[in-house]
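Chemist: Just dropping this structure here.
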Amino acid sequence: MKSPILPLICTLLILTATTALAQDTPPLGKSHFTLELDAMYIQHESFTTDDAGLYLGLAGYGHIGKNWYLGAEIGGGGGFGLFLVDTSSYMPIELNAKRAFALSKSFVIDVGGGLSYSRVEFTHNSWFSDTDWSVSDWTFGGQVMSDIYYKAGSVLLGLKLKYQLTADLPEVASRISADDGWDYSNFKIGFQIGFMAF
């Protein structure tokens, strides 16, 4: 009768190697790309001037080691305006770092943050006079974010939360007499779809 020890040792070695390889696989692939649609709440100055709108964005990230990812995001959005008189638009360019954590085989969560440089525009439309005006400018900012993804093969479905702070826009503040300053700090929550590259 042959001893089962040698086949058992071989089986354990194969399982150990397979497990080690699986652990070396980054949770969100070597890179991943997503398209997002968010509801956006813009905190201009106070509750009486805050604005709500929609945001559409693209993101791409590459794995840099130990489940850390470095990437960029770009998008555009705008507020619905105060009584359809004043409108705001906003286009951030972001550089972010984040770390991913595998919750299970199918679910991954990440947390991160970074810096942004945003093109913003404020337009005042007056229905009853010829005093319409618009201000366009660039402003620096920073953000923190978290995503949760469901993985179906190479496809990613996810939810995103992000809070972004931006610097004030003095020209807008002076024109509308905003004593506490005027900025485009915002909170976004939305849905993502994308894919991973292995």
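Chemist: So what's the convex hull volume per residue for the Cα atoms of the stretch 27-197, in Å³? Mind dumping the intermediate values first?
Modeler: Working: hull volume 17.2 nm³, N = 171.
Dividing the Cα hull volume of the stretch 27-197 by its residues yields 101 Å³.
Chemist: Set the Förster radius R0 to 25 Å, insert the Cβ-Cβ distance between ASP50 and PHE101 as r into 1/(1 + (r/R0)^6), and round the FRET efficiency to 0.05. Before the final figure, lay out the partial values.
Modeler: Details: r = 33 Å, r/R0 = 1.31.
Efficiency, rounded to the nearest 0.05: 0.15.
Chemist: So if R0 is 25 Å, what FRET efficiency would ASP168 and ASN125 give, r being the distance between their Cβ atoms, rounded to the nearest 0.05?
Modeler: On the way: r = 22 Å, r/R0 = 0.90.
Efficiency, rounded to the nearest 0.05: 0.65.
A short reminder: the numbers here are calculations on the coordinates, not readings from a lab. Owing to the predicted nature of the structure, the values given are computational and were not obtained by experimental measurement. Every residue, glycine as well, gets a Cβ built from its backbone with ideal geometry; the counts of neighbours run over all protein chains shown.
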